[in-house]
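Please treat every number below as a calculation from the coordinates, not as lab data. Bear in mind that the values here come from a model prediction, so they are computed numbers and not experimental data. FYI the Cβ positions are ideal-geometry reconstructions off the backbone, even for glycines, and counts take in every protein chain you see.
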Amino acid sequence: MTLGEFARKHKTLFWSTNAYDQLDERAVVEAVLNYGDWETVRELADIIGYKKMASVFSEDAHLPRSNYYPKIVSYFDRFFKKYA
């Protein structure tokens, strides 16, 4: 499954666009971690892997103007340190 197919399957996470095939990994990871449920996180991990997801997350999560919620940053910092 491609990221575009994944985004199309989970349209409610990407309410601001209809161009699902043009979404980059950063946008998909951000939407899934912020708004997705655990099953959606696991499904994305099956596509890109936990290491890649952790890498994308760590690039953006601690920027001054990050779109990640503080609770999400706290949880996934710990999760990725342990499992990725």
Quiz prompt | Lys pairs under 25 Å by Cα in the chain, provided they are eight or more residues apart or on distinct chains | solution = 13
Quiz item: Going by alpha carbons, how many degrees (0 to 90, nearest 10) lie between the helix axis of 70-83 and the longest principal axis of the chain?
Solution: 80 degrees
Self-check item: Inter-probe distance in nm under a simple model that places probes 7 Å from Cα toward Cβ, at residue 9 and residue 79
Solution: 1.7 nm
Quiz prompt | Whole-Hz ³J(HN,Hα) from phi, Karplus 6.51 cos²θ - 1.76 cosθ + 1.60, for segment 3-12, glycine and proline x | solution = 5, x, 5, 4, 5, 5, 5, 10, 3, 5
Self-check item: Estimated distance in nm for a label pair at residue 16 and residue 62, the labels positioned 7 Å out from Cα along Cα-to-Cβ
Solution: 2.4 nm
Quiz item: Using only the Cα atoms, what convex hull volume per residue in Å³ does the chain have?
Solution: 88 Å³
Quiz prompt | Hz values of 3J(HN,Hα) by residue in segment 21-36 - Karplus curve (6.51, -1.76, 1.60), Gly and Pro given as x | solution = 6, 9, 5, 8, 4, 4, 5, 5, 4, 4, 5, 5, 5, 6, 10, x
Quiz item: With charges only on Cβ, +1 for K and R and -1 for D and E, what is the dipole size of the chain about its Cα centre, in debye, rounded to 20?
Solution: 280 debye
Practice problem: Return the sequence-ordered ³J(HN,Hα) values of segment 54-65 in whole Hz as given by the Karplus equation 6.51 cos²θ - 1.76 cosθ + 1.60 applied to θ = phi - 60°, using x for Gly and Pro. | Solution: 5, 5, 4, 4, 5, 5, 10, 5, 10, 6, x, 10
Quiz item: Against the longest principal axis of the chain, how steep is helix 38-48, in degrees 0 to 90 to the nearest 10, with axes from Cα atoms?
Solution: 80 degrees
